[in-house]
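Below is one structure, written out as structure tokens; comments come after it.
The values are calculated or read from the model by the stated rules, or taken from the named source; none is laboratory data. Everything numeric here is computed off the predicted structure, so don't read it as measured data. For neighbour counting, all protein chains shown are included, and Cβ atoms are generated from backbone atoms with ideal geometry for every residue, glycine included.
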Amino acid sequence: MEFGVSTFVTDDGIGPAALGRALEERGFGSLFLAEHTHIPVKRESPWPGGAELPRMYYRTLDPFVALTAAASVTERLRVGTGIALIIQRDPIVLAKETASLDLVSGGRAVLGVGAGWNREEMRNHGTDPATRMRLLRERVLAVKELWTKDEAEFHGEFVDFDPVFSYPKPVQDPHPPVMIGGAGPTTFDRVVEFGDGWMPIYGRGTDVLAGKIAELRERAGRAVPVTVFGVPGKPEAVAELAAAGVDEVLFNLKTEPEGDTLRYLDRLAELV
């Protein structure tokens with residue numbers, strides 16, 4: 001089993017370069033960053049994590065910029081989105097951003113994707129919450145076409161473009177892994193059809209996890225990689241996930257100043 005961290009990099013916590021360097025020095029294998037383009041002032045969508053939306057949600061850096069900074073000071077650390085809200089991103093731009101990150105990192109990019117929960121936020125991007133899952137599907141499929149075809153085209157309900165040249169191409173063959181977030185009743189449909197792995201949040205629909213992983217892998221007919229993020233830094237949590245057959249644990253890292261973050265990473269490293 002591999003170990004990394006999932007966190008929000010903001011303008012008032014540890015910087016992405018310092019964080020990336022600290023993770024690699026301590027033996028962690030990956031850094032996954034959350035994304036919110038903005039938070040609407042008038043918000044009716046409930047946050048799945050509780051009543052009060054934490055400060056970090058309002059202040060996230062763009063994940064691709066932050067991950068590039070982390071990649072530039074590391075050699076082995078895999079850098080991924082956990083998760084990118086691709087229903088709020090143009091797929092042609094997203095394909096270029098991810099391929100560029102894969103190129104500058106030497107093939108270390110991972111694209112974790114999801115549809116999100118903040119309906120007001122997605123509406124500001126012109127996305128209808130009622131059709132966001134169909135939009136998610138088409139954007140992932142379109143991005144993969146752009147990554148893998150010299151003359152890529154896509155014709156769907158929401159994404160439609162004639163043949164285009166899109167470069168750079170990713171370093172990884174055939175492309176960076178696309179990890180599907182969520183744990184809802186139709187999540188496995190998406191993983192099986194167009195995902196390269198499953199990436200649920202710890203404690204949100206991850207009960208009886210061993211059975212769910214077995215079901216997913218049986219349905220897919222392949223050993224689907226499973227990464228769980230937002231994991232508490234406790235030995236019992238690690239043991240639970242190892243027994244369930246999880247491939248990678250992403251410890252939840254609070255958004256704090258550099259000194260506090262480094263001290264906590266020292267404690268986490270003892271679990272690794």
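Select from region 120-138 the residues that are more than 19 Å from the chain's Cα centre (by Cα) and in contact (Cβ under 8 Å) with a residue 40 or more places away in the chain and write down the one among them that is surrounded by the most Cβ atoms within 10 Å (Cβ to Cβ).
127
Specify which of the listed residues (141, 146) is at pLDDT 95 or above and within 19 Å of the chain's Cα centre (by Cα).
Matching residue, one of 141, 146: 141.
Scan region 21-68 for residues that are in a loop (DSSP other than H, G, I, E, B), under 20 Å from residue 261 (Cβ atoms), out of contact with any Ser or Thr (no Cβ under 9 Å at 6 or more places or on another chain) and among the hydrophobic types (A, V, I, L, M, F, W, C) and report the count.
Residues meeting the conditions: 1.
Scan 261, 255 and give me the residue that is part of a loop (DSSP other than H, G, I, E, B) and either in contact (Cβ under 8 Å) with a residue 24 or more places away in the chain or of a type in the set (Gly, Ala, Ser) (or both).
255
Could you list all residues from region 214-230 that are of a type in the set (A, V, I, L, M, F, W, C), more than 16 Å from residue 185 (Cβ to Cβ), touching a strand residue (DSSP E or B) at 6+ places or on another chain (Cβ under 8 Å) and not in a strand (DSSP E or B)?
Here is the first cut: in region 214-230, the ones of a type in the set (A, V, I, L, M, F, W, C) are 214, 216, 220, 223-224, 226, 228-229.
After this cut, where a residue has to be more than 16 Å from residue 185 (Cβ to Cβ) as well, the list is 214, 220, 223-224, 226, 228-229.
With the extra rule that they be touching a strand residue (DSSP E or B) at 6+ places or on another chain (Cβ under 8 Å), the set shrinks to 224, 226, 228-229.
Listed by number, the list holds a single entry, 224.
Quick test for you: out of 82, 116, pick the one residue that is in a strand (DSSP E or B), farther than 19 Å from residue 25 by Cα, within 13 Å of the chain's Cα centre (by Cα) and not β-branched (Val, Ile, Thr). Quick ask: steps written out before the conclusion?
Numbers: 116 fails: in a strand (DSSP E or B).
So the residue among 82, 116 that is in a strand (DSSP E or B), farther than 19 Å from residue 25 by Cα, within 13 Å of the chain's Cα centre (by Cα) and not β-branched (Val, Ile, Thr) is 82.
What do you reckon, is residue 69 out of contact with any helix residue (DSSP H, G or I) (no Cβ under 9 Å at 6 or more places or on another chain), surrounded by fewer than 22 Cβ atoms within 10 Å (Cβ to Cβ) and not polar (S, T, N, Q)? Spell out how you get there, then give the answer.
Working: out of contact with any helix residue (DSSP H, G or I) (no Cβ under 9 Å at 6 or more places or on another chain): no; surrounded by fewer than 22 Cβ atoms within 10 Å (Cβ to Cβ): yes; not polar (S, T, N, Q): yes.
No: the conditions fail for residue 69.
In this structure, is residue 180 in contact with a helix residue (DSSP H, G or I) (Cβ under 7 Å, 6 or more places away or on another chain), buried (at least 18 other Cβ atoms within 10 Å of the Cβ) and assigned to a strand (DSSP E or B)?
Yes, satisfied.
Determine which single condition residue 192 fails, assuming it passes every other condition in (1) surrounded by 21 or more Cβ atoms within 10 Å (Cβ to Cβ); (2) within 18 Å of residue 215 (Cβ to Cβ); (3) among the aliphatic types (A, V, I, L, M); (4) in contact with a Lys or Arg (Cβ under 8 Å, 6 or more places away or on another chain).
(1)
Could you go through region 94-114 and let me know if any residue there is hydrophobic (A, V, I, L, M, F, W, C), over 22 Å from residue 71 (Cβ atoms) and in contact (Cβ under 8 Å) with a residue 12 or more places away in the chain.
No: region 94-114 contains no residue that is hydrophobic (A, V, I, L, M, F, W, C), over 22 Å from residue 71 (Cβ atoms) and in contact (Cβ under 8 Å) with a residue 12 or more places away in the chain.
Are any residues in region 149-174 among the polar types (S, T, N, Q) and either at pLDDT below 95 or within 18 Å of the chain's Cα centre (by Cα) (or both), and if so, which ones?
The one that is among the polar types (S, T, N, Q) and either at pLDDT below 95 or within 18 Å of the chain's Cα centre (by Cα) (or both): 172.
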